[in-house]
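The values are calculated or read from the model by the stated rules, or taken from the named source; none is laboratory data. As the structure is a prediction and not an experimental result, all values here were calculated from the model. Positions of Cβ are generated from backbone atoms using ideal geometry, with glycine treated the same way; all protein chains shown enter the neighbour counts. Keep in mind that these areas ignore ligands, DNA and RNA; they rest on the heavy atoms of the full protein, side chains included. Shrake-Rupley method; radii C 1.70, N 1.55, O 1.52, S 1.80 Å.
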Amino acid sequence: MNDRIIYLDHAATTPLDPQVLEAMLPYFIQYAGNPSSIHQPGRMALQALDEARERVARVLGANRKEIIFTGGGSEADNLAVKGVALAQRQRGKGSHVITSAIEHHAVLHAVEYLQAFGFEITVLPVDRRGLVQPNDLRAAMRPDTVLVSVMYANNEMGTVQPIAELGTICREHGVPFHSDAVQAAGLLPLDVNALNVDLLTLTAHKFYGPKGVGLLYARRGVPLLPQINGGGQERRRRAGTENVPAIVGLGLALALAEERRPTHAAHCRNLRDRLIDGLLARIPLSRLNGDRVQRLPNNANLSFDCVEGESVLLLLDQRGIAASSGSACTSGSLEPSHVLLAMGLTSEEANGSVRFTLGKDTTSADIDFVLEVLPPMIERLRVVAPCASERAEPVLA
Ligand SMILES: *Cc1c(COP(=O)(O)O)cnc(C)c1O
């Protein structure tokens, strides 16, 4: 990132680790074979692919055959949701899918797509802290349920769901369980057996790897219909010539993320707590969105009464601070975040939210700078455009 920018938007994407770039470079020109070719350049590429697969499998506690490389997190989510639901229906298992109200659009819209093809959907609510209640999942289970998809950690407010517990319920009912773990990599444990998941999504650009490459872990025996048809790559589960340099980058980035996880999480948590406590103490009528404890170490999502999150972002940007309101996909539109609404915030409260997500290069000086410049910004915005309730005497009452 540009040196003068304080980048606090790591939930949107992260910069590539130079060490990862270094590992990728030879696979663009020097070892540019197609892994499906039988000649030596092809075998070199296949070997790199195998090594990356092995690395990923080790981090997840999985078998290499259970790893499917994709073109990112959205594709892996779509493959999990559509691939399992359609395969299950084909086998006469039913057509009921359960998900949560705070999923990423890659899951929510894939589920909505299934609805158009006759699937029935149950959307689990979250409480005020942003957490799914295991009892709600238990109650939603039906004999014809074919898939449950609940994310590990939320990209907007960082809430961490009780995945292992939800997974146990799915197992009791014999229903495949998918979790979008994109935001968890490098911050939370990813062992698929400890988590009780059958399918798990990751994408490299959220953990200092390249963009446009991700993976789906699919437990052996889980029925899965490919969503991209063509050649026999990825054990016939995802056609297309493998993006070898990107997959090499993903493999190394994930191994590094896992190796550095304890120190990285502690680094982020420490700075995040200073940011949250500092802002709550300095800015009146401010609130933290999402559970304080069941939360990603790098996420601070706050609402400031009577200000628009978008206005705050523009002012922060002028001072070289890059943050976000809602998710990147919804910012720029006037729609309030579906995640914050699902938590019970009003549209006004949701629109007043700002998300800071910290990363490996964030320093305490960066946090100090935010703590210095943000409170007067909020104060100024409130003076220029006071709250509706403070603006005038009620006309009708
Ligand atoms: C970023 C993100 C995705 C999408 O991943 P892409 O690689 O950008 O397609 C999916 N789910 C979550 C939770 C994310 O944060």
Worksheet item: Of all the residues that make up region 146-174, how many are open to solvent by less than 10 Å² (accessible area, probe 1.4 Å) and either more than 16 Å from the ligand (Cβ to nearest atom) or part of a helix (DSSP H, G or I) (or both)?
Response: 8
Worksheet, complete the sentence: Taking first residues from region 68-92 that are open to solvent by 10 Å² or more (accessible area, probe 1.4 Å) and second residues anywhere that are part of a strand (DSSP E or B) and away from the ligand (no atom under 12 Å from the Cβ), the pairs with Cβ under 6 Å that are 6 or more apart or on different chains are Gln88/Val146
Fill in: Spans of helices (runs of 4 or more DSSP H) in region 203-297 with at least 3 residues within 24 Å of Lys360 (Cβ to Cβ)
244-259, 261-282
Worksheet item: If you take the residues of region 200-225 that are more than 14 Å from the ligand (Cβ to nearest atom) and among the small types (Gly, Ala, Ser), which of them is least open to solvent (accessible area, probe 1.4 Å)?
Response: Ala218
Discussion item. Would you confirm, using the coordinates I've provided, whether Asp50 is on the phi < 0 side of the Ramachandran plot, open to solvent by less than 10 Å² (accessible area, probe 1.4 Å) and assigned by TED's automatic domain parsing to the domain that holds Ala218?
Written reply: no
Item to complete: For region 93-105, enumerate the residues that are open to solvent by 10 Å² or more (accessible area, probe 1.4 Å) and either among the hydrophobic types (A, V, I, L, M, F, W, C) or within 17 Å of Leu124 (Cβ to Cβ) (or both).
Response: Ala101, His104, His105
Fill in: Residue match in region 106-115 (condition: not basic (Lys, Arg) and not in a helix (DSSP H, G or I))
no
Worksheet entry | Condition check for Ser95: within 21 Å of Ala239 (Cβ to Cβ) and more than 16 Å from the ligand (Cβ to nearest atom) | no
Worksheet item: Which one is farthest from the ligand (Cβ to nearest atom), of the residues in region 175-199 that are buried (at least 22 other Cβ atoms within 10 Å of the Cβ) and small (Gly, Ala, Ser)?
Response: Gly186
Response to the item:
Scanning region 52-102 for residues that are under 21 Å from Asn196 (Cβ atoms) and among the charged types (D, E, K, R) gives Arg58, Arg64, Lys65, Glu66, Asp77, Lys93
Worksheet item: Of the residues that make up region 299-315, is at least one assigned to a helix (DSSP H, G or I), crowded, with 17+ Cβ neighbours inside 10 Å, modelled with pLDDT under 90 and touching a Leu at 6+ places or on another chain (Cβ under 6 Å)?
Response: no
Fill in: Exclusive hit being under 25 Å from Ala11 (Cβ atoms) and of a type outside the set (Gly, Ala, Ser), set Asn155, Asn63
Asn155
Discussion item. For the condition away from the ligand (no atom under 16 Å from the Cβ), assigned by TED's automatic domain parsing to the domain that holds His104, open to solvent by less than 10 Å² (accessible area, probe 1.4 Å) and not aliphatic (A, V, I, L, M), what is the one hit in Gly42, Gly61, Gly33?
Written reply: Gly42
Worksheet item: How many residues, within region 64-92, are among the acidic types (Asp, Glu) and either more than 20 Å from Asn155 (Cα to Cα) or more than 16 Å from the ligand (Cβ to nearest atom) (or both)?
Response: 1
